[in-house]
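Encoded as structure tokens, the structure appears first; notes follow it.
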Amino acid sequence: MVDIQTLLQILWTGLATATYGVLLAAAFSLVLKVVKVWNFAQAGMMGIAYYTMYLVMYRMGWPAPAGIAISLAVTIAAALAMEVYGLQTFRRRQSPSLTYFIFTMVVSEFVQYLLAMIFGTEPVSLAATLMSESTSVGGIVVSQWDITALCTAAVIMTALYVLLKKTRLGKFMVAVADNPHLSRLYGVNVRPIYALTFVVASVLVCAAMYLFGTRASMVPNTPLEMMLFAVIAALLGGMGNVFGAAWAALFLTLLRAFSILVIPSAWQGLILYALLFITILLFPNGVKLRLRRKPKALAAAPVASPSASA
């Protein structure tokens, strides 16, 4: 019988480890929402962000802020290059959607092999040690990494919400996502909005890879495996529903965390593939939770007066 202390520890650890998955799912879903592209090249951008930080912080010995800033600049440059020289070309040619899919997959695979040639295939991390200073709170082990990860994800997701819901640029992004052709008629320049979307997605990716790299190690093909998680979350949360994908990523992480109680860790990857299969078959538009609303009282119909009916 599992005690409550163990369940609370799994819950806390699952919430902390969900942070980078939430950010990656939001980045993937954001591009899907605005640019209308299944951006599997995000795996390549993840690798570029991670290994740039590894080069600057570990091999060059620069501080973490410098590594994060340089990694963000390189990742944004790579994402914009893909948008300008790849996706915009396909739009001008009015290429079919399959072309975008194949292109993003090729970019991802190319970056993976390039990184393997440059950095090798040995696991690398962004921290000298993956052990973080910890303390016990009510019998639950809370590490410094947990606090940093949760605070970082909360701040970034709040900023993303404010950007999309409260700012002029965010409203332009939502308008382009709804109807790019109509947005052009209203004077919205669509190309900068697409570019802005990739910039925002790059911020999410860099933050996620830094959190991941300070907790675990990575090899060049790890981002492809992490992309599967983001795709499942995007499907489960609803096509282009950015915050729905984030909540789905949180749910999937907690599901994997608690599954250790009944399934050996070696088989946990099977859960994701099973969920992907079930989601595609049963929830192609995502899972929508509808709250039952109380029926509104019908207003009494006005009764015509005898004089009016005469």
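Things to note:
- Among Val137, Val124, Val190, the largest mean-square fluctuation in a Gaussian network model of the chain (Cα springs under 10 Å) belongs to Val137.
- Cα gyration tensor shape of the chain, rounded if a/c is under 1.5, else prolate or oblate by comparing a/b with b/c: oblate
- For the options Leu270, Leu126, Leu150, a Gaussian network treatment of the chain with springs between C-alpha atoms closer than 10 Å singles out Leu270 as fluctuating the most.
- Within the chain, longest stretch clear of exposed trypsin sites (Lys or Arg not before Pro) (DSSP loop, no more than 10 other Cβ within 10 Å): 1-287
- Taking each DSSP H run with n ≥ 4 as -39500 (n - 2.57) and averaging over every residue of the chain yields -22000 deg cm²/dmol at 222 nm.
- 3J(HN,Hα) couplings calculated from phi for segment 191-200 with the Karplus curve 6.51 cos²θ - 1.76 cosθ + 1.60 (θ = phi - 60°) are, in sequence order, 4, x, 5, 4, 4, 4, 4, 5, 5, 4 Hz; Gly and Pro show x.
Read-outs: derived from the displayed coordinates by stated rules, not from any lab. Note that the structure is a prediction, hence the values are computed from the model and not measured. For neighbour counting, all protein chains shown are included, and Cβ atoms are generated from backbone atoms with ideal geometry for every residue, glycine included.
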